[in-house]
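Working notes, beginning with the structure itself.
The values are calculated or read from the model by the stated rules, or taken from the named source; none is laboratory data. This structure is a prediction, so every number in the text was calculated from the model and none was measured. Cβ placement follows ideal geometry from the backbone for every residue including glycine, while neighbour counts extend to all protein chains displayed.
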């Protein structure tokens, strides 16, 4: 599991040492988050990796979960750092932890109760989680029903679109922090990079748990097959 530069390092490691080699059969899954992983449009392999496919099910093993998150109403700009890759007919891989088979799904996020916990010097001031404001003594908060995600691929790029379902009549917050902000200005080219992992960590923990069970069951049968297309 890696994020941002860590995902770039792991991508190179997998490409050089694991993809298409005997060691691949021991991979439960690779979580390469907050990066732009090249794949041919409409395919699961053939870009960064030639044999390790994108994941489409929590019961699939030997596959990759990858995405870069942006607000659904603030898609990647032309200068975006994520969501685009070089090469004709190549796109940035996107697998939605909230709905691996496709479509939209609810995110089980754990966001920092005070800030996103990454680089506080570039973040906006934290919003109160509830009104009237209440003291929160846990490092993270869960937000049932507030966030959904869907992989989107269009002229803006290929990315995980995050929708915030704020409800003014609800005492909970109607929005989240997590944008990169410098001198009061949101840097849209970063998207929600600061909280890529936080947004879906509950989903990812659940997926890896199911994948681990599937891997162990497959291992007992003496084989370890993965699906590609």
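If you check residue 126 against the conditions, is it buried (at least 16 other Cβ atoms within 10 Å of the Cβ), outside any strand (DSSP E or B) and modelled with pLDDT under 90? Explain how you work it out, then say what you get.
Numbers: buried (at least 16 other Cβ atoms within 10 Å of the Cβ): yes; outside any strand (DSSP E or B): yes; modelled with pLDDT under 90: yes.
In short, yes.
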Please verify whether region 104-117 includes one or more residues that are surrounded by fewer than 17 Cβ atoms within 10 Å (Cβ to Cβ) and at pLDDT 95 or above.
yes
Counting only residues that are touching a helix residue (DSSP H, G or I) at 6+ places or on another chain (Cβ under 6 Å), give me the strands (runs of 3 or more DSSP E) lying completely in region 132-229 with at least 3 of them.
none
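Residue by residue, here is whether (1) in contact (Cβ under 8 Å) with a residue 12 or more places away in the chain; (2) surrounded by fewer than 21 Cβ atoms within 10 Å (Cβ to Cβ); (3) under 17 Å from residue 107 (Cα atoms) holds:
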| position | (1), (2), (3) |
| --- | --- |
| 146 | yes, no, yes |
| 149 | yes, no, yes |
| 181 | yes, yes, no |
| 192 | yes, no, yes |
| 195 | yes, no, yes |
| 207 | yes, no, yes |
| 217 | no, yes, no |
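Could you tell me how many of the residues in region 167-179 are without any contact (Cβ under 8 Å) to a residue 24 or more places away in the chain and closer than 27 Å to residue 65 by Cβ?
Kept after step one, since they are without any contact (Cβ under 8 Å) to a residue 24 or more places away in the chain, are these residues of region 167-179: 167-170, 174.
So of that shortlist, the ones also closer than 27 Å to residue 65 by Cβ come out as none.
Residues meeting the conditions: 0.
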